[in-house]
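Novice: My questions will all concern the structure given below.
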Amino acid sequence: MRHVVAWALLAATASALAAEATIIRPASIIAQEWPFYVAIGDRVVTDVRSGERTRVDVPAGTRSLVIQCPKALGDYAESRIDHDFQAQPIALFVITPNPDCVTIQALDEKSARPYLNRTKPRPPGRIVEYARPPRVIGPTVTAPPTTAPQTAAQRAPSADVSSAVAAATQAWVEAFNARDAARIATLYDADAVLSDATEPRARTGSAAIADYYRNLANRPTQRVALGEHSVRNLGETAIDSGTYNLFEVRDGTATVTPIRYSLVFRQSGGRWLIVDHQAAPAAR
């Protein structure tokens, strides 16, 4: 009789936990300070931070994976991917930040291996600090259902304006953090204007802007980390505005300066170039 009960319990456990999912979040400067929350059904089960991966049990009957991203005023944005966990009980997903929340891609084991090697497991004892949001704000991003591991061509996202502009902003961040003044200058339009509240006048034109960034070599510890930001599309022009933290170590002391910024982009020759850049210290 005990054996019958044991087998019954084992069968019940197997049916209740029919699959498992590994969520991989490669390291990224975008939103690196914020945890993303993994929800199965309507319940948040864990979080994942930049450079981490986490594994969750998926109950039978689950049809989708949801990632929630914290926003201002205690709200959350949400991204979702539909997945056939019954057909693919071992599922691997990689998530990358985008202006709305995240892009979720289902991977096969071979495609996921480089991401697994570049991330570390989420600490098992860390408390999930999740405050139930008053509302989930949109847009909710829904990926198409997955019935088989996607190939690299299938996983390539469409080049929409929001992601293209966000990528252009990210290119600026990466060039700044690499202390590469020449590379930064190529991200600006020839007639661009840069207004820094710490300077008496704006810099106009690519030559003047290149000169502005030449002092990067004298500030080798400066780094930028993007905070919340949003992209607005105005046809051939787009605006990316938000906040970033400027980190620096001077005389052995680490400082963090919050900055509000606005980047106006114009499409030129298939690229989004900065035509107006404004930055000023944010109120603490």
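The values are calculated or read from the model by the stated rules, or taken from the named source; none is laboratory data. Treat the numbers as computed from the prediction; the structure is a model and nothing was measured. A quick note on method: Cβ atoms are made from the backbone with ideal geometry, for glycine too, and the neighbour counts reach across all protein chains shown. The protein model used for the area step is the full one, side chains on, heavy atoms only, and it has no ligands, DNA or RNA in it. Shrake-Rupley method; radii C 1.70, N 1.55, O 1.52, S 1.80 Å.
Novice: For the stretch 186-284, what's the radius of gyration and Dmax over Cα atoms, in angstrom?
Specialist: That works out to 14.4, 46 Å for Rg and Dmax.
Novice: Once phi is turned into θ = phi - 60°, what whole-Hz ³J(HN,Hα) does the Karplus curve with 6.51, -1.76 and 1.60 give for every residue of the stretch 245-250, x standing for Gly and Pro?
Specialist: For the stretch 245-250, the Karplus curve yields 9, 9, 9, 7, 10, 10 Hz.
Novice: Another question, if that's okay. Between residue 237 and residue 129, what is the label-to-label distance in nm when each label sits 7 Å out along the Cα-to-Cβ direction?
Specialist: 4.0
Novice: Excluding residue 162 itself, calculate the net charge of residues whose Cβ lies under 13 Å from the Cβ of residue 162, where each Lys or Arg counts +1 and each Asp or Glu counts -1.
Specialist: Neighbour charge sum, excluding residue 162 itself: -2.
Novice: Give the calculated FRET efficiency between residue 202 and residue 33 to the nearest 0.05, with a Förster radius of 41 Å applied to their Cβ-Cβ distance.
Specialist: Between residue 202 and residue 33 the formula returns 0.85.
Novice: Determine the gain in length on full extension of the stretch residue 282-residue 262; use 0.36 nm per residue of separation and subtract their C-alpha separation, reporting nm with one decimal.
Specialist: Full extension from residue 282 to residue 262 adds 6.0 nm.
Novice: Sticking with this structure for a sec: Tell me the GluC sites (Glu not before Pro) within the stretch 161-251 that lie in a loop according to DSSP and have at most 14 other beta-carbon atoms within 10 Å.
Specialist: Of the GluC sites (Glu not before Pro), the ones in loops of the stretch 161-251 whose Cβ has at most 14 other Cβ atoms within 10 Å are 236.
Novice: List the residues whose amide H sits under 5 Å from the amide H of residue 98, counting only those 5 or more places along or on another chain, with H placed 1.01 Å from N in the peptide plane.
Specialist: Counting only residues 5 or more places away or on other chains, the set is 103.
Novice: Counting only protein heavy atoms and using a 1.4 Å probe, what share of the accessible area of the stretch 20-92 belongs to carbon plus sulfur, as a whole percent?
Specialist: Here it works out to 48 percent.
Novice: To continue, here is another question. Tally Lys/Arg at +1 and Asp/Glu at -1 over every other residue whose Cβ is under 12 Å from the Cβ of residue 174; what's the total?
Specialist: +2
Novice: Could you derive backbone 3J(HN,Hα) for the stretch 170-175 from the dihedral phi with the Karplus parameters 6.51, -1.76 and 1.60 (θ = phi - 60°), listing whole Hz in sequence and x where the residue is Gly or Pro?
Specialist: Values per residue, Gly and Pro as x: 4, 4, 5, 4, 5, 5 Hz.
Novice: Another question, then. Show me the ranking of peptides 118-124, 42-48 by mean Cβ neighbours inside 10 Å, starting with the highest. All intermediate terms of the calculation are to be shown ahead of the outcome.
Specialist: Working: 118-124: 13.1, 42-48: 15.4.
The packing order, highest mean first, is 42-48, 118-124.
Novice: To the nearest 10 square angstrom, how much accessible area does residue 273 have with a 1.4 angstrom probe?
Specialist: Spelled out: residue 273, probe radius 1.4 Å, area about 20 Å².
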